Amino acid sequence: MPECASTNTEAHLLLNKNGATDGCVIVAGAQTGGRGQRGNVWEVEPDKNITLSAILKPTFLEAQHQFSLNVAVSLAALDLLREYVPTGARLKWPNDLYVQDQKAGGILIENTISGHRLQHSVIGIGINVNQVTFAYPQATSLALVTGRQLPLARLIDRLLENLEHRYLALRSGGAEAQKREYLQHLYRYQEWHRFEVKGQVVQGQIAGVDTTGRLAVLIEQKLEFFQFQEIKFVL
């Protein structure tokens, strides 16, 4: 579609109308109200970036292991970035896409749970491709990094191919292997870095991510675990 408020919102509308099949994808040229983590707004110029949502029905996943879906989707997006940026592309916990120290994209996954398993998942992916000016200095794009405009339609096709590949690998029992790969590409993994916790800036070292998606950080020789909203990187 040329424009919508949010592809994730459109995906939820399809689900509510029982009009969404497993693997259904909504692609928009522009979003007027794209959403990110913590309620942030994702603003992009029309027809220059990847803005899409996929609907999956991962009923094979128990709710307590739902972060493994985040891992698979994040790796699919990273696979695309690394085609154009072989070095320097990273995954910033929980699901931002970084090139060096700048944000090139993000992922928002909204799961519906039935009993102890996932019923369906709406997976929103936004990647800055051909946009070259941003309101925030920490943002970047593939065009800025590579110095050229890229074929947007081809990149969308490649992203969806990557997503299918990573999702099928997860469904086939590849969660542990994917988590190891996720950690290999995790931004600031096993590096000392500054974080904000409860309004205070502390020095910490990312030690890993647990099965529920909490970030494990070593702070003052004590391993602490944080949910998405409980810790921030100080950049």
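Overview of results
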item	result
Using θ = phi - 60° and Karplus 6.51 cos²θ - 1.76 cosθ + 1.60, couplings along region 133-147 (whole Hz; Gly, Pro as x)	10, 9, 6, 10, x, 7, 8, 8, 8, 5, 5, 5, 6, 8, x
Sparse-neighbourhood loop sites, GluC sites (Glu not before Pro) in region 194-233 - DSSP loop, at most 15 other Cβ within 10 angstrom	Glu220
Listed residue pairs exceeding 23 Å between alpha carbons, taken from Lys103/Lys232; Lys57/Lys232; Lys57/Lys103; Lys17/Lys92; Lys17/Lys48	Lys57/Lys232; Lys57/Lys103; Lys17/Lys92; Lys17/Lys48
About the Cα centre, charge dipole magnitude for region 3-185 (Lys/Arg +1, Asp/Glu -1 at Cβ), debye	260
Kirkwood-type radius of region 191-233, with distances r between different C-alpha atoms, in Å	10.3
Where trypsin sites (Lys or Arg not before Pro) fall in DSSP loop in region 154-235, at most 12 other Cβ within 10 Å	Lys198
Residues whose placed amide H lies under 5 Å from that of Ala30, excluding near-sequence neighbours	Glu3, Cys4, Asp47
Linear extension gain, Asn16 paired with Gln149, 0.36 nm per residue minus alpha-carbon span	44.1 nm
Helix-only [θ]222 nm of the chain, DSSP H runs n ≥ 4, -39500 (n - 2.57) each, per residue, nearest 500	-8500 deg cm²/dmol
Using distinct alpha-carbon pairs, which all enter the 1/r mean, Kirkwood radius of the chain in Å	18.2
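Any read-out appearing in this document is the output of simple, stated calculations on the displayed coordinates, not a laboratory observation. Predicted, not measured: the structure shown is a model, and the values here were computed from it. Positions of Cβ are generated from backbone atoms using ideal geometry, with glycine treated the same way; all protein chains shown enter the neighbour counts.
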